[in-house]
C-alpha cells in the first residue's frame, strides 16, 4: 500500500492536541533510558486505578493459564505484566524517536544469516510475532539490519496514522507497511522474496478461525498463517 501522505487538514484545530501529545512523547523519549523504565513502571501501576476492567481480565487470564502457580506467584506475575505495559509506552517512543546510533546500544543480533540466505535465494519469509509491548522496538531493530515489511492496523486519527506509518519505516525506504486486511499485498511481498512481520495472536472473531488449546484453555485463533 502507499504510505499515508501529509495533508493540510492535519493542521486543523481538532488535531492540535494530537500534535501536542506527540511533542510531549518526543520530549519524554529524550530522557535517560533508566529513568524512562522507572517512569514506565510507575505508569503501569497507575493504570490499575483507571483500567479496572482490563486489570480484571488480565488477572482472570493469569488464573486460567497459570493455575499451577500460587496466588502470591500469580500476583507477582500480574504486577510484572502491568509494569511491562507501562514501559511499553516509553519503548514505543524509543523506537520512533531515538537515533539509529542510540538504538544500536540496546540490541544484539543472532541468526541474521538465515534471513540473508533466504533473501539471496529469493525466498519469502514470514516473521511470526506476537503483540508484545516491545513489538515496535523489535521491528525497528530488525529494520536497522535487514529490510522487512510489516502488517499493522491503521489508526482512525490521520495524524497518529501518518506519524506511526512513517516512524516505523524510517530506516528503510523499501519497507512496506501493510494493512492487516490487505492479504494480497502481503502475498505479493512474500513472492518477491521479502521478509514480512505478521502476528496472528489476536481474536478477530472471523469465519477464518478455529478454537485450539492455548495454555490448556480453548482460544479462538485465526488460520491466515497456514493460508499464507
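General remarks:
- Breaking point among (1) within 27 Å of residue 10 (Cβ to Cβ); (2) at pLDDT below 90, for residue 183: (1)
Residue-wise test of (1) within 27 Å of residue 223 (Cα to Cα); (2) without any contact (Cβ under 8 Å) to a residue 40 or more places away in the chain; (3) assigned to a helix (DSSP H, G or I); (4) touching a helix residue (DSSP H, G or I) at 6+ places or on another chain (Cβ under 8 Å).
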residue: 103; (1), (2), (3), (4): no, no, yes, yes
residue: 107; (1), (2), (3), (4): no, yes, no, yes
residue: 126; (1), (2), (3), (4): yes, no, no, yes
residue: 133; (1), (2), (3), (4): yes, no, no, yes
residue: 141; (1), (2), (3), (4): no, yes, yes, yes
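- Residues of segment 203-221 satisfying the condition of being modelled with pLDDT under 85, loosely packed, with under 13 Cβ neighbours inside 10 Å and under 18 Å from residue 131 (Cβ atoms): 203, 205, 206
- Near pairs, Cβ below 7 angstrom, 6+ apart or cross-chain, from segment 176-200 (closer than 19 Å to residue 145 by Cα) to any residue that is at pLDDT below 90 and loosely packed, with under 14 Cβ neighbours inside 10 Å: 198/128
- Considering residues of segment 150-167 that are modelled with pLDDT of 85 or more and either touching a strand residue (DSSP E or B) at 6+ places or on another chain (Cβ under 6 Å) or part of a loop (DSSP other than H, G, I, E, B) (or both) only, the residue surrounded by the most Cβ atoms within 10 Å (Cβ to Cβ): 150
- A single member of 64, 27, 35, 75 is in contact (Cβ under 8 Å) with a residue 12 or more places away in the chain and loosely packed, with under 14 Cβ neighbours inside 10 Å, and it is 64.
- Only a single item in (1) surrounded by 11 or more Cβ atoms within 10 Å (Cβ to Cβ); (2) out of contact with any strand residue (DSSP E or B) (no Cβ under 7 Å at 6 or more places or on another chain); (3) part of a helix (DSSP H, G or I) is not met by residue 115, and it is number (2).
- Residue in segment 84-95 that is modelled with pLDDT under 95, within 20 Å of the chain's Cα centre (by Cα) and surrounded by fewer than 12 Cβ atoms within 10 Å (Cβ to Cβ) present: no
- Taken over segment 61-101, the criterion of being touching a helix residue (DSSP H, G or I) at 6+ places or on another chain (Cβ under 9 Å), closer than 22 Å to residue 29 by Cβ and in a loop (DSSP other than H, G, I, E, B) is satisfied by 98 alone.
The values are calculated or read from the model by the stated rules, or taken from the named source; none is laboratory data. Bear in mind that the values here come from a model prediction, so they are computed numbers and not experimental data. Cβ: placed from backbone, ideal geometry, glycine included. Neighbour counts: every protein chain shown.
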